[in-house]
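What follows is a short report on a single structure.
The values are calculated or read from the model by the stated rules, or taken from the named source; none is laboratory data. Source: prediction; values computed, not measured. Here the Cβ is made from the backbone with ideal geometry for all residues, glycine too, and neighbour counts use every protein chain on show. Side chains are part of the model used for accessible areas, which takes the heavy atoms of the whole protein and leaves out ligands, DNA and RNA. Shrake-Rupley method; radii C 1.70, N 1.55, O 1.52, S 1.80 Å.
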Amino acid sequence: MNEEKNMQFVNIDVDTTGLYQVPTSDKGTVAIVGVGTGSGSLVPVKLGSYAEVDAIYPTDSELSLAIKLAFENGASGVWAVEIDDPKSLTGVENALEVLETKDVQIVVLANTVELSDTAYISSALDNHVASSVTERVGVFMLASGEDASTMPAAIGNLMSQNTTRLIGIAHNTTSDVAAAVAGLLAGLDPWDSPVMKPLSGISTPSADFTTTQFSLMDAANINPIFDPLYFAGTSLVLKSGYTLGTRAGGIYLVDVRRAIDDIVYKLKTGLTSPAVIGNLRINKSGMASLRNHINSIMQAAVNLGEIDSFAVNIPVATALAVDQNARTPTQATIITTARTNRAVDVTVAIEYSGAIHTLNMTVAFSA
């Protein structure tokens, strides 16, 4: 082998020490809190398939039925936490607390709606998704038959507070539609819109929403489940894909919220590495390597179709690129501050284009 190698004019050894894995995020795990048939031990249980539900929860309950609906609609995994019966705000809050450090993307309270005297959604679920270690959204449902004009005032107040991590569902069924929608989201890529995606395992609506109800819910960012008139076959779908964020705030669509969370997750996991933290120095070569790490993560998102483009700005790298004798006082300060604090500021600008939700068409006839 050595003789054959020595006969070549150019010999190349490949050094792979600089290679690093581009991170991928778990996108399909749902966390469900609910009343079961046991003691409500608050111990989180990880389930990996629909078949495991009956083995672990052999008797139907709010919790087990919600887990089944999540799996039926696309979830790849479920963290389940059982609470005591009767359900209480304290029990729900305690269960959500044990899920704060779990790597989940979507959280549901099984068969639970906001009550006038119990803030299951506006307090417990809202506080949880806002303060958990990993980025996540919460899916909740209104009581069957409720709409934007009859839902609890606390739910309407959430939108005025730009609550981008909560997703509200309206329905006229007897099913736990929040669990079904959570499973649907878990089965989609984070940047995919849930609008017009069929839902499974949901009972037939007792009535249709009116056009007035649709208009009020659209204004309130509540997403109704309905059977579209021109949709082939019979299927229940989401009419819209809103969070309870405001238009002015910019993050009022589910796919935007989840795409941002996915990018943040990838950057955190990709850069929380001994190859970066505690290793790269604040000099030209170190900042070039940092930029390459970030570019590789973001380019993978472009290749997936998650985002259209991106731009990375590292002010200290820009300052370091200038000859030392030609640097302005501001550039010198940027470098000194970064080196003193051992902290580097980075801005990543992302171009994102969402899916069509409405087509406004004009058909012109001529003789």
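Karplus-based coupling profile of segment 30-39, in residue order and whole Hz: 10, 10, 10, 10, x, 6, x, 10, x, 8, with θ = phi - 60° in 6.51 cos²θ - 1.76 cosθ + 1.60 and x standing for Gly or Pro.
Find me the longest stretch of the chain that has none of the exposed chymotrypsin sites (Phe, Trp or Tyr not before Pro), where exposed means in a DSSP loop (not H, G, I, E or B) with at most 13 other Cβ atoms within 10 Å. All intermediate terms of the calculation are to be shown ahead of the outcome.
Values: sites that count: PHE9, TYR230, PHE231, PHE365.
The longest uninterrupted stretch comes out as 10-229.
Let me check I have the definition right: for the chain, take the eigenvalues of the Cα gyration tensor, multiply each by 5, take square roots. What are those semi-axes in whole Å, largest first? The equivalent ellipsoid of the chain has semi-axes of 44, 26, 23 Å.
Applied to segment 91-99, the Karplus parametrisation 6.51 cos²θ - 1.76 cosθ + 1.60 on θ = phi - 60° returns per-residue 3J(HN,Hα) values of x, 5, 4, 5, 5, 5, 4, 6, 9 Hz, with x for Gly and Pro. Partner lysines whose Cα lies under 17 Å from the Cα of LYS102, excluding those fewer than 8 positions away in the same chain, are identified as LYS27, LYS46, LYS266, LYS268. Taking only the C-alpha atoms of segment 112-197, Rg followed by Dmax gives 12.9, 37 Å.
Based on Cα contacts under 8 Å between residues 6+ apart, the chain shows a relative contact order of 14 percent. Using alpha carbon centroids, what distance separates segment 141-213 and segment 95-112, in Å? Comparing the Cα centres of segment 141-213 and segment 95-112, I get a distance of 18 Å. Peptides 167-174, 151-158, ordered by how many other C-beta atoms sit within 10 Å of their residues on average, highest first, read 167-174, 151-158.
What percentage of the solvent-accessible surface of segment 47-119, computed with a 1.4 Å probe over protein heavy atoms, is contributed by carbon and sulfur atoms? Please list the in-between numbers first.
Numbers: 1500 of 3090 Å².
With neighbouring chains kept in place, the figure for segment 47-119 is 49 percent.
Taking amide H as placed 1.01 Å from N in the peptide plane, SER175 has its amide H under 5 Å from the amide H of SER203, each at least 5 places away in sequence or on another chain. In the context of the full set of protein chains, residues of the chain present 51 Å² of accessible surface per residue (probe radius 1.4 Å, heavy atoms only).
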